[in-house]
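One structure is given here, and the rest of the page talks about it.
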Amino acid sequence: MNKWFRKGNARRFHRIDMPIRYFIVPKSPIKNREIYATGADYFPASLLRRIEAHKDFTVQSVGRIQEQNALLTEIFKEIIQYIEFFGECARSISQGQNPRKDPGYWMRVKEHQQGFKKAIRIQASSPKTFQYLQMIEDKYLIFLNKMVESIDQSTPVHFYVSGHLPVDFKVDEMIATFQAPKFQKIPLIQAILNLSNFMDAYLEIYRQINDDNYLKQFPQEWILRDANTSASGLAVHMDKRYDLYSRVDVYLYFAEQDRVLPFEGTVVDIRTDERKQMERIAINFEFPHGRDQDFLQLEIQKQEIKECMKIVL
């Protein structure tokens, strides 16, 4: 389909921001790699900037700690290195590289499965701090072990996942508490808060890799998210990217009718939303089935009526 026709098709339909359950994946995975990879870019520049900011805030907060600063600096430095190693491993997987192929690298993975080494040195003098760091370690190890499990059982044509990655960790409850204004001027608390945010940014990258290889079969579990939608395409904010003009498979799920609409699409625009620090990806549907397109148009009209009713009320 030529560029002119794509533009004309995209503008024939009214667009609306609406909550919708969607699943998007590249139409073709990366070819001839050691381990199956979807082809999505899970490390866009906008996300890397957020990760680097979390790291910088962590280091700055640690530098303001007065008691046992040298020891805590050493401990936090090691944990940051562990987290960055996890990120490197996730990047390798996303590019179709199997970490098992490098014996030295795989040995480091196995060493990391033993947990943080230096945190134990703070246990006697600061048991509460040690407890906080243990919570971070617990979450880290669960994700790392799940990653190792997937690597062990994956092949060039299949990325193994056993299901959803866990949610609602103890550390998450702790971090929610640390968000309170009364903790803003406590360097140690801020260091732990930012360290956890830094780790989560990398862990969520792997969660996306996991979900992209699992969730397609379970539309009822797709998250309801806002998207700029029309009967000819949609635009969404994501923490990953696809190549411009690449082909993607788009699936939309409507719970009330328990119906999945499949569309083949082309990525026609990618830009970074600086305010949200996310990627805004616009996709045009290519030769959509008329029946599916009509159904989607009807759902869009229903959403417009709901919005009008809110205004009237």
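Accessible area per residue for the chain in Å², computed with a 1.4 Å probe and the full protein assembly in place, what is it?
52
Using modelled backbone amide H atoms (1.01 Å from N, in-plane), which distant-in-sequence or interchain residues come within less than 5 Å of PHE43's amide H?
Placed amide hydrogens put ARG241 under 5 Å from PHE43.
Through the Karplus equation 6.51 cos²θ - 1.76 cosθ + 1.60, θ set to phi - 60°, convert the phi angles of the range 222-233 into ³J(HN,Hα) values in whole Hz; use x for Gly and Pro.
5, 6, 7, 9, 6, 8, 7, 10, 9, 6, 10, x
For the range 80-97, what does the Karplus curve 6.51 cos²θ - 1.76 cosθ + 1.60, with θ = phi - 60°, yield as ³J(HN,Hα) per residue in whole Hz, taken in order and with x for Gly and Pro?
Rounded to whole hertz, the list is 4, 5, 4, 5, 5, 5, 4, x, 4, 5, 4, 5, 4, 4, 5, 9, x, 9.
Given points 7 Å out from each Cα along the Cα-Cβ axis, report the GLU204 to ASN145 separation in nanometres with one decimal.
Label at GLU204, label at ASN145, 2.5 nm between them.
Share of the chain's accessible area from carbon and sulfur, percent, 1.4 Å?
The C+S portion of the solvent-accessible surface of the chain is 52 percent.
When the dipole is taken about the Cα centre of the chain, and only Lys, Arg (+1) and Asp, Glu (-1) are charged at their Cβ, what size is it in debye, to the nearest 20?
The calculated dipole for the chain is roughly 560 debye.
Over the chain, calculate the relative contact order: mean separation of alpha carbon pairs under 8 Å at least 6 apart, over the residue count, as a percent.
Relative contact order comes out at 29 percent.
What list of ³J(HN,Hα) couplings, whole Hz, do you get for the range 253-270 from phi and the Karplus terms 6.51, -1.76, 1.60, once you set θ to phi - 60° and write x for glycine and proline?
10, 10, 5, 4, 9, 6, 10, 9, 9, x, 9, 9, x, 10, 6, 10, 7, 9
Explain nothing, just the number: relative contact order of the range 240-313, from Cα pairs under 8 Å at least 6 residues apart, as a whole percent.
Once divided by the residue count of the range 240-313, the mean separation gives 23 percent.
The values are calculated or read from the model by the stated rules, or taken from the named source; none is laboratory data. Small disclaimer: the values here were computed from a predicted structure and weren't measured. All Cβ positions, even for glycine, are placed from backbone atoms using ideal geometry, and neighbour counts span all protein chains on display. Protein only, heavy atoms only, side chains kept; ligands, DNA and RNA dropped before computing areas. Shrake-Rupley method; radii C 1.70, N 1.55, O 1.52, S 1.80 Å.
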